[in-house]
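Report on the following structure.
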Amino acid sequence: MTLIKSISGIRGTIGGKPGEGLTPVDAVKFAGAYSSWLKERNRPGERLRVVTGRDARPSGDMASRLITATLAASGVDVIDLGLATTPTVEIAVPELQAHGGIIITASHNPKQWNALKLLDERGEFLNDVEGKAVLAFAENGDFEYVEVDELGKITADNTYTDKHIDAILRLPMVDTDAIRRAKFKITVDAVNSVGGIAMPRLLRALGVEVTELNCKPDGQFAHNPEPLPENLTELALAVSASNDDLGIAVDPDVDRLAIVCDDGSFFGEEYTLVAVADYILSNKPGNTVSNLSSSRALLDITERRGSKHYASAVGEVNVVAEMKRVNAIIGGEGNGGVIYPEFHYGRDALVGAALFLSLLARKNAKCSVLRSQYPDYFISKNKINLTPQTNLEKIFEKLKKKYANQRISDIDGIRIDFDAEKKWVHLRSSNTEPVVRIYAEAATAEEAGELAKEVKRIFRSK
């Protein structure tokens, strides 16, 4: 059993003893702590409203009932969207003038996991200070429940998937006419979660011929739910066998988008954002943002379009903060997470798909041909276990001295850019396990692997 308490929410495996897994006791505890944080944040006596939604994993209904009941017991009114994507809940919070939101999803984790992802009144994830404040309420047990006449009301609202889709169709940069004329044929793999409801519905509204693969929202994931190439072989075979224009895959809560090309090859999770950014920048110049562990292909495309790219610390909340700081017009993460601020500040696979198809339709090109137009980079992903004796600060200083002539960022661990050779390496400690992650990128897989090995040798040297 595992329970991970972090600023971005509470994740754990279902079952076990309280405090060791995500048990009913823990779900109630953290929902109560979030309610207390909201009360402290708002005017005394103000009637609070929270939006909830969940993915389709088997524990979702049980966890949702516990959480919504706890919010009501705390005097908070709840608008429950039921089965809803993460970005759907995010856009519903400000539309409904709610004070916050809770998304009940463990994202790409296997089905035995679930989580409470916490939102503020803008429908955005809590920042570091806010997240720590919620955790403090939970640890101190500093919350109480209301008397009977003050109980919150729980209201169901199953309209927001359609509202989310309608809002996407109205976006000026979503070229609905071009997509309809293209008459795309697409297979969708939604890993048997809420994407199986939302993505086919969006695509059909755009005039796409859709074949559904793993789209029954019963939470029985047909494969590892992280949308990586090694987990999408069934989709790749289906696209090739059906002569589809492309395949679309999402994770269980639909904030990550992966594309399979017409020939069954993988567009690459790093390149979802690159392609969408290229489309946006081709119509409007502006800044772009991705995190330090994302491909430099976005930097190349941004500069090719005459704009400026900025890098943030890893984590969606950090990407969003940097996007706001530099007024970026597009950003996200290299895991297929597209953030389009003209719509909302959150990773959204639905808007990402609509923008990607707009690009593909306007170019009138095959998906595989589009991919060939972008720079080719390869990332080597590694990790080193930490021990109590590991002195990260000392190791980072050693690396800074070793590579003093290169461009270095230390806003999140240390990233070293070898600009002349168009390669980089990023070391950072994990938020979820006692390891240091080492990502290296270069023009070939061999070169990326060698760079990672070189840094690991320095890391382990005395």
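The values are calculated or read from the model by the stated rules, or taken from the named source; none is laboratory data. Just so you know, these numbers come straight off a predicted model, no measurement behind them. Quick reminder, even Gly has a Cβ in these numbers, built from the backbone with ideal geometry, and neighbours come from all protein chains shown.
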Filtered residues of segment 292-317 (kept if closer than 18 Å to residue 270 by Cβ and of a type in the set (S, T, N, Q)): 293, 294, 295, 302, 312
From (1) closer than 23 Å to residue 381 by Cβ; (2) within 13 Å of the chain's Cα centre (by Cα); (3) aliphatic (A, V, I, L, M), pick out the condition that doesn't hold for residue 301. (2)
Just checking, does segment 218-225 include any residue being surrounded by 21 or more Cβ atoms within 10 Å (Cβ to Cβ), assigned by TED's automatic domain parsing to the domain that holds residue 326 and in contact with a strand residue (DSSP E or B) (Cβ under 7 Å, 6 or more places away or on another chain)? no
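Looking only at segment 107-154, which residues are among the polar types (S, T, N, Q), surrounded by 12 or more Cβ atoms within 10 Å (Cβ to Cβ) and on the phi < 0 side of the Ramachandran plot?
Of everything in segment 107-154, those that are among the polar types (S, T, N, Q), surrounded by 12 or more Cβ atoms within 10 Å (Cβ to Cβ) and on the phi < 0 side of the Ramachandran plot turn out to be 109, 112, 114, 127.
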Pick out the one residue from 235, 171, 228 that is aliphatic (A, V, I, L, M), modelled with pLDDT under 95, surrounded by 15 or more Cβ atoms within 10 Å (Cβ to Cβ) and closer than 26 Å to residue 333 by Cα. 228
Filter segment 424-462 down to the residues that are under 27 Å from residue 316 (Cβ atoms) and free of Cβ contacts under 8 Å to residues at least 40 places away in the same chain and list them by number. 425, 427, 433
Given the criterion within 22 Å of residue 151 (Cβ to Cβ), surrounded by fewer than 24 Cβ atoms within 10 Å (Cβ to Cβ) and not charged (D, E, K, R), identify the matching residue among 32, 101. 32
Check every one of the helices (runs of 4 or more DSSP H) wholly within segment 229-338 and list those with 2 or more residues that are at negative phi and among the aromatic types (Phe, Trp, Tyr). 269-283
Can you tell me which residues in segment 384-413 are exposed (fewer than 10 other Cβ atoms within 10 Å of the Cβ) and of a type in the set (Gly, Ala, Ser)? 404
Among the listed residues 384, 411, which satisfies the condition of being assigned to a strand (DSSP E or B) and either out of contact with any Leu (no Cβ under 7 Å at 6 or more places or on another chain) or more than 29 Å from residue 329 (Cβ to Cβ) (or both)? 384
Subset of segment 143-198 [farther than 26 Å from residue 103 by Cβ, of a type in the set (Ser, Thr, Tyr) and not assigned by TED's automatic domain parsing to the domain that holds residue 347]: none
Just wondering, is there one or more residues in segment 68-78 that are surrounded by fewer than 24 Cβ atoms within 10 Å (Cβ to Cβ), touching a Pro at 6+ places or on another chain (Cβ under 7 Å) and not hydroxyl-bearing (Ser, Thr, Tyr)? no
Given the conditions (1) modelled with pLDDT of 95 or more; (2) under 24 Å from the mean Cα position of the chain (by Cα); (3) of a type outside the set (Ser, Thr, Tyr), and given that residue 243 satisfies all but one, which numbered condition is not satisfied? (2)
Considering segment 139-163 alone, what residues qualify as being closer than 20 Å to residue 64 by Cα, part of a helix (DSSP H, G or I) and touching an Asp or Glu at 6+ places or on another chain (Cβ under 9 Å)? 160
Condition set in a helix (DSSP H, G or I) and of a type in the set (A, V, I, L, M), scope segment 87-120, selection nearest to residue 228 (Cα to Cα): answer is 89
